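The structure under discussion appears below in the form of structure tokens.
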Ligand code: KDG
Ligand code: MG
């Protein structure tokens, strides 16, 4: 079998997605996701202009060799754009391999170790009561784990709390970046009382977690982690920027709260020191930004060795193919922890069909061969790309802060 064509499709059924279709001379094709929120066209260009020509004529069965060729063989390696492009190719090749074998990808990865992947969704609000109401609703839907974020009083646009403006978490704004406000001292004051409220009203049964989104410095993150200890968090996510791996030691020295990290990592070497030094409890790389399943399964194996569990990134700004890859891997590995999930809007589900589904607190995949997703290309073509940016963050004094 040979690769005959690589099609890159940029579509915006609600938000922008970059989809990769790899076609073969035997009529089999596979779909991958190469979406990088706010930088979609850079990845599409890398794929179309630089990567696709290298794939034509190759055997799609040789996933590892293709991965090595695109990562090591091209000299310029790593970074969000190239690793997202590589993930798009990688997922499409795993999809083809599964279809060719007539097996779901989890079966190619070693077969099921569990019946479903424990899932979490997001709850947020302008007040503690709004967050609580959202959690109660989600618990009725069957969720056993939930992320809780609350607006920081005195600021506008707190990360993860845009429900009032009708926007999904991390959603993009057209034309120019929306500027959010951020002050660490105000944030540090509001988060512990949020969890005190949630535990006193909801009890201990529901597992709760919180995303700092890499906005604190090491001492602030340690202070927050300590303050949150009484509330039995499932994990505290992304306390520091990925550049400051050595600072995770400080957090560990001050608290036993479980720590999760990784959505901004691009290779296994980014994740390595945190895993081998056991500075985190959950590795949560984005399979769509670290080169796909081929790299993620290696990271999972390294993590298994060091007693670290997985919690792959699962936001709405990666397409259902990556969510499918998440769950196929979750089903197969022994050290799965939890899976972040998204309910995609109808328009997205009409364009990208199939993918994992939610059932009583767990994500599941069907036994369809490959990743189990497909694309309605005619419909996708009707949703043209829209220029869009992630928000930016500024402090009260006007200076830029990490978003
Ligand atoms: O594009 C950025 C989003 O994917 C990110 O903000 C979402 O932090 C996130 C999460 O944990 O889902
Ligand atoms: Mg996050």
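Quick look at the numbers
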read-out	value
Per-region count, the stretch 240-252, residues touching a helix residue (DSSP H, G or I) at 6+ places or on another chain (Cβ under 8 Å) and within 16 Å of ligand 1 (Cβ to nearest atom)	2
Top-ranked residue in the stretch 261-293 [being over 22 Å from residue 222 (Cα atoms) and in contact with a strand residue (DSSP E or B) (Cβ under 8 Å, 6 or more places away or on another chain); ranked as farthest from ligand 1 (Cβ to nearest atom)]	292
Selection status of residue 237, closer than 21 Å to residue 193 by Cβ, within 16 Å of ligand 1 (Cβ to nearest atom) and either surrounded by 16 or more Cβ atoms within 10 Å (Cβ to Cβ) or assigned by TED's automatic domain parsing to the domain that holds residue 340 (or both)	yes
Selected residue (criterion: nearest to residue 36 (Cα to Cα)) from residues of the stretch 229-239 that are within 16 Å of ligand 2 (Cβ to nearest atom) and in contact with a helix residue (DSSP H, G or I) (Cβ under 8 Å, 6 or more places away or on another chain)	239
Lone unmet requirement of (1) assigned to a strand (DSSP E or B); (2) at pLDDT below 95 for residue 403	(1)
Total residues in the stretch 294-315, condition within 16 Å of ligand 1 (Cβ to nearest atom), surrounded by 21 or more Cβ atoms within 10 Å (Cβ to Cβ) and part of a loop (DSSP other than H, G, I, E, B)	4
Every residue from the stretch 11-23 that is in a strand (DSSP E or B) and surrounded by fewer than 20 Cβ atoms within 10 Å (Cβ to Cβ)	21, 23
Strands (runs of 3 or more DSSP E) (entirely within the stretch 131-220) containing at least 1 residues that are buried (at least 16 other Cβ atoms within 10 Å of the Cβ), within 16 Å of ligand 2 (Cβ to nearest atom) and at pLDDT 95 or above	145-150, 207-211
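The values are calculated or read from the model by the stated rules, or taken from the named source; none is laboratory data. Note that the structure is predicted; figures quoted are calculated from it, not measured. Here the Cβ is made from the backbone with ideal geometry for all residues, glycine too, and neighbour counts use every protein chain on show.
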